[in-house]
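Report on one structure; see the data block that follows.
The values are calculated or read from the model by the stated rules, or taken from the named source; none is laboratory data. Note that the coordinates shown come from a computational prediction; the quantities given were computed from them, not determined experimentally. All Cβ positions, glycine included, derive from the backbone under ideal geometry; neighbour counts span all protein chains shown. Surface accessibility is based on the protein's heavy atoms, side chains included, excluding ligands, DNA and RNA. Shrake-Rupley method; radii C 1.70, N 1.55, O 1.52, S 1.80 Å.
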Amino acid sequence: MKSQELSDSVSMNIYFKHMIWGTGLLLYSLAGLARISAFNPAYQDLLDLSENQPQKALQYWQEMDPVDFSAARKAEHHLVASQLYGNLDYPNKMTTAAQQGLALISSKEEPWLFHQLSLALVDSWDRNGTGIRGLAKVEDAQRWGAENNDLGTRLYAMLILSQLLIQTDQYNQALQLVQEAYDLAPVEGPDLVKADFSNQMSAIYVYRDEFEIALPYLQETLAHYRKKDKKLAVSIALFELGRAHLVLDRTASGLAYLQESIQIAVAINDLQGIAYGLNELATHHLSLQEYDKAESYLQEARQRFNEAGNQYMLFDNNIQLSQLYTQTKQFGLAEQYLTTAAQQVDPQLLPFSQIAIQRQQANILDARGQHEEAYDLLTDAVKQLQELEAQQSAEKLHQIRAIFEVESSEQENQLLAQKNQLQQQQLAIKNQQNILLMLFLVSALLLVLFLIYFTFKFRRQSARLHELANYDELTGLRNRSNTIYAIKHKLKNLDKEQPMYLVMIDLDYFKDINDRFGHALGDKVLKIFGDYCRDVFSENDLAGRVGGEEFLVCLTGYTPQQAFDRIEKLRQKTAKMHHLIKAPDFSVTLSAGLCQITADKPSFHQWVKCADKALYQAKHAGRNQTIAADL
């Protein structure tokens with residue numbers, strides 16, 4: 001009861017203070033003061049309030065009437081709105097507010113206000129995945145902050161710039177920039193402090209999937225915000241800690257952090273915070289195939305994101321719902337939510353969204369048994385991804401080239417000016433020409449190095465994409481689509497004189513292994529089994545993972561006994577895997593069905609059916625054995 005009375009008292013004090021703000025701001029505006037270089041105290045109080053009561057702070061801002069404000073004060077009014085919307089993670093409203101503010105002033109009239117609004121605008125773009133287009137604005141703001149000893153603007157620009165570097169995979173540069181900002185930032189203050197950059201340091205390691213390294217920075221951030229009783233920031237830090245712990249398989253602590261994050265978000269009416277927490281819980285339960293819980297959390301998160309107008313997260317949420325209903329064979333709902341996702345985002349602004357939609361459509365087709373159509377759609381999606389990444393690499397190269405040309409032009413103009421001033425001094429002219437030649441050679445060398453670097457990076461990305469599209473990440477063997485395609489190709493070019501065999505392999509009672517020992521140990525079994533396959537089979541053989549614990553092998557050029565012996569060798573190695581995995585009562589075996597082609601031009605499906613029948617016989621006969629059959 002006392003706690004409620006205290007809360008009501010605080011709210012009443014804020015309300016009366018709010019009544020004074022309007023009058024104070026109006027008088028401050030009518031006074032026609034010089035350039036703005038910091039937030040008006042009334043607005044600073046609003047921003048401080050938003051740390052614990054973001055919706056209440058926004059409500060007070062909405063009740064203000066800036067009609068009689070000067071242009072600069074109206075721009076400041078919109079800047080505060082952009083910050084408040086940013087705290088609630090409403091990127092579209094954040095963009096609108098920043099643009100409205102920028103329309104009222106110029107960089108010459110109000111430089112501090114102009115750069116703050118520019119940074120808020122780029123921040124909002126970045127939240128929608130298009131922040132890189134504002135790179136020049138961020139660099140201008142950082143330069144202005146450094147030249148005018150405005151630490152707050154400089155740190156804000158460094159924070160946004162580090163985020164852009166993260167988005168473009170320039171992690172080392174981002175780390176250097178954040179470390180520099182951390183050294184500059186104060187421990188306490190109204191603007192950005194060390195804890196904010198500790199949080200950004202953790203974000204870099206999270207993007208690099210180095211969650212273990214991110215944990216100390218997250219803990220430092222959480223401790224700071226708890227000490228300052230900044231509930232909104234505490235909720236966000238708890239969310240990030242929960243995500244990190246779940247990725248590191250620390251399930252109990254991860255779920256506890258997420259639940260606390262959601263509780264705080266509910267208490268302060270942070271719709272986005274609630275939705276993000278629920279969405280993360282749903283992802284966890286979906287990975288465990290706990291579909292009822294996952295569906296409940298996803299639907300509630302969807303409602304919250306919809307209320308907040310977060311189109312980007314609504315897209316992600318609808319994709320996850322489509323995946324859930326695909327896994328539960330509710331294909332009508334899966335298609336429905338995928339269609340909704342496609343309407344959620346503009347493919348021109350988020351080109352990768354179209355690829356995500358195509359991949360999910362392929363998943364639905366595959367689950368329905370339409371494997372060929374699924375394969376064609378997935379192939380097209382991979383091709384589009386390659387083209388898109390190539391286009392982005394080219395755009396980055398053009399940006400660097402443009403910067404180089406501008407710098408070269410500026411250097412040439414300076415040299416020409418010096419030459420005009422020293423026309424009568426032949427020796428100086430000659431020296432200047434030598435300098436120009438040296439600069440040209442160095443610049444040309446730098447350009448060549450840049451081209452080599454980006455060509456190497458593009459090839460490495462292409463190779464990685466090819467590996468992801470064709471190979472199973474866990475076992476290192478071919479994935480389902482690549483295995484089927486390669487075997488069909490071999491079958492098409494079958495030499496009657498060269499015997500061929502298809503082997504269907506299944507790890508016995510693998511689901512029991514996952515249930516008894518956990519998915520981490522199950523993943524380790526699959527990885528070791530992949531290593532065994534590479535040891536046993538030659539480069540001319542084909543081996544791939546076609547299901548959870550199902551594998552398909554194609555052998556060429558062996559006698560029937562040699563082919564049988566190969567599979568038996570793999571079976572015997574697998575049966576001894578318990579020597580590598582130390583777990584009580586752990587054992588794993590395999591059953592295999594081997595089919596030799598003897599008929600004239602058999603179809604792929606006939607061949608698979610033959611091997612599958614032999615596998616069934618091996619399982620029916622007691623498992624842990626190989627059964628051979630002829631087609």
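Going through (1) farther than 22 Å from Pro560 by Cα; (2) in the same structural domain as Val553 (by TED's automatic domain parsing) one by one, Tyr471 falls short only on (2). Flag not set for Leu468, criterion: open to solvent by less than 30 Å² (accessible area, probe 1.4 Å), at pLDDT below 95 and either over 32 Å from the mean Cα position of the chain (by Cα) or within 30 Å of Ile355 (Cα to Cα) (or both). Every condition in (1) within 17 Å of Glu51 (Cα to Cα); (2) at pLDDT 85 or above is met by Tyr217 except one, and the failing one is (1). For segment 158-176, residues that are open to solvent by less than 30 Å² (accessible area, probe 1.4 Å) and more than 17 Å from Asn199 (Cβ to Cβ) total 1. Could you go through segment 132-143 and let me know if any residue there is touching a Phe, Trp or Tyr at 6+ places or on another chain (Cβ under 7 Å), of a type outside the set (Gly, Ala, Ser), surrounded by fewer than 21 Cβ atoms within 10 Å (Cβ to Cβ) and more than 14 Å from Met201 (Cβ to Cβ). So far as segment 132-143 goes, yes, one or more of its residues are touching a Phe, Trp or Tyr at 6+ places or on another chain (Cβ under 7 Å), of a type outside the set (Gly, Ala, Ser), surrounded by fewer than 21 Cβ atoms within 10 Å (Cβ to Cβ) and more than 14 Å from Met201 (Cβ to Cβ).
The set of residues from segment 543-593 being among the polar types (S, T, N, Q) and within 23 Å of Asp495 (Cβ to Cβ) comprises Thr556, Thr559, Gln561, Gln562. Number of residues in segment 482-537 that are open to solvent by less than 10 Å² (accessible area, probe 1.4 Å) and out of contact with any helix residue (DSSP H, G or I) (no Cβ under 8 Å at 6 or more places or on another chain) equals 3. Just one of the listed residues (Asp89, Asp48) is modelled with pLDDT of 50 or more, open to solvent by 70 Å² or more (accessible area, probe 1.4 Å) and either within 38 Å of the chain's Cα centre (by Cα) or over 21 Å from Ala120 (Cβ atoms) (or both), and it is Asp48.
Residues Lys93, Lys74: which one is in contact with a Phe, Trp or Tyr (Cβ under 6 Å, 6 or more places away or on another chain), among the charged types (D, E, K, R) and either assigned by TED's automatic domain parsing to the domain that holds Pro41 or more than 30 Å from Asn269 (Cβ to Cβ) (or both)? Answer to the check: Lys93. Is at least one residue of segment 243-256 touching a residue at least 60 places away in the same chain (Cβ under 8 Å) and open to solvent by 20 Å² or more (accessible area, probe 1.4 Å)? Yes, segment 243-256 has at least one match.
Scanning segment 538-580 for residues that are in a helix (DSSP H, G or I) and either open to solvent by less than 50 Å² (accessible area, probe 1.4 Å) or of a type in the set (Asp, Glu) (or both) yields Ala563, Asp565, Ile567, Glu568, Leu570, Arg571, Thr574, Ala575, Met577.
Within segment 332-344, none of the residues are surrounded by fewer than 19 Cβ atoms within 10 Å (Cβ to Cβ), among the β-branched types (Val, Ile, Thr) and in a loop (DSSP other than H, G, I, E, B). Can you say whether Ser107 is open to solvent by 20 Å² or more (accessible area, probe 1.4 Å), in contact with a helix residue (DSSP H, G or I) (Cβ under 6 Å, 6 or more places away or on another chain) and under 22 Å from Asn40 (Cα atoms), as far as the supplied structure shows? Answer is yes for this residue. Out of the residues in segment 601-631 meeting the condition of being over 22 Å from Leu491 (Cα atoms) and not in a helix (DSSP H, G or I), tell me which one is least open to solvent (accessible area, probe 1.4 Å). Checked segment 601-631; the qualifying residue least open to solvent (accessible area, probe 1.4 Å) is Thr626. Looking across segment 207-236 at every residue that is of a type in the set (A, V, I, L, M) and open to solvent by less than 20 Å² (accessible area, probe 1.4 Å), the one that is farthest from Leu175 (Cα to Cα) is identified as Leu232.
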